[in-house]
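Okay, structure first, notes after.
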Amino acid sequence: MEMMIYFNESEIISNLIQEKGQQAHLTPSLEIVRSTFYSSSCSVNVYQLDANAIYFWAQMPFFQRAKTSLKSSEIPLPDLIFRLRQKQFSGFIDVQLLKKEEGGILFFNEGDRIGGSFSWSTGGMSTSDEDYNTLLSRIQINDGLFSFGSFVRER
């Protein structure tokens, strides 16, 4: 089971839970979270986000992850983006550098790259070409792994 809990100093904004092999769903109650922490061991990662970024991530649409990933040695990122543009792709590419704990998530709407979130920035949506170009240069130095998520239109 994976859980994502978005919160600030005064409220819990959103809870997203995904059990293995199931689609992720929002839950209005923290009871599932509490019972999971009490009944099993787990690892917890806490990420600090800019105040506006919390609301961005908490409102991200539902998505379906692809079962396969691609390596940058198989297809360069610009070529991959060109192909996704032709297919009118709406979703994201999760880019992980293989030799470093860095990367980014690039977001697309009907084939257009609309921005991204990068490990070296504040955690919100960046529309900066500079951040995108930094990602490209880091992939050229360290191979990258691309995994995909397509936004689900209706639930």
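The values are calculated or read from the model by the stated rules, or taken from the named source; none is laboratory data. Computed from a predicted structure; not experimentally measured. Cβ: placed from backbone, ideal geometry, glycine included. Neighbour counts: every protein chain shown. Calculation scope for accessible area: heavy atoms of the full protein, side chains included, ligands and nucleic acids excluded. Shrake-Rupley method; radii C 1.70, N 1.55, O 1.52, S 1.80 Å.
Can you tell me which of (1) in contact (Cβ under 8 Å) with a residue 12 or more places away in the chain; (2) among the β-branched types (Val, Ile, Thr); (3) open to solvent by 20 Å² or more (accessible area, probe 1.4 Å) is the one residue 141 doesn't meet?
Every condition holds for residue 141 apart from (1).
I'm trying to understand the selection: among the residues of the range 17-50, which are without any contact (Cβ under 8 Å) to a residue 60 or more places away in the chain, of a type in the set (Ser, Thr, Tyr) and closer than 25 Å to residue 151 by Cβ?
Selection gives 27 alone.
Can you tell me which residue among 32, 17 is among the β-branched types (Val, Ile, Thr) and either in the same structural domain as residue 119 (by the TED database) or touching a Ser or Thr at 6+ places or on another chain (Cβ under 6 Å) (or both)?
Exactly one of 32, 17 is among the β-branched types (Val, Ile, Thr) and either in the same structural domain as residue 119 (by the TED database) or touching a Ser or Thr at 6+ places or on another chain (Cβ under 6 Å) (or both), namely 17.
Could you run through the range 1-17 and say how many residues are under 15 Å from the mean Cα position of the chain (by Cα) and among the aromatic types (Phe, Trp, Tyr)?
Looking only at that region, the number is 1.
Among the residues of the range 68-103, count how many are within 14 Å of the chain's Cα centre (by Cα) and either in the same structural domain as residue 55 (by the TED database) or at positive phi (or both).
2
Which one of the conditions (1) part of a strand (DSSP E or B); (2) more than 24 Å from residue 145 (Cα to Cα); (3) open to solvent by 70 Å² or more (accessible area, probe 1.4 Å) does residue 14 fail to meet, given that it meets all the rest?
(3)
Taking residue 53 as the residue in question, decide whether it is surrounded by 14 or more Cβ atoms within 10 Å (Cβ to Cβ) and in contact (Cβ under 8 Å) with a residue 40 or more places away in the chain. Steps first, please.
Working: surrounded by 14 or more Cβ atoms within 10 Å (Cβ to Cβ): yes; in contact (Cβ under 8 Å) with a residue 40 or more places away in the chain: yes.
So residue 53 passes the test.
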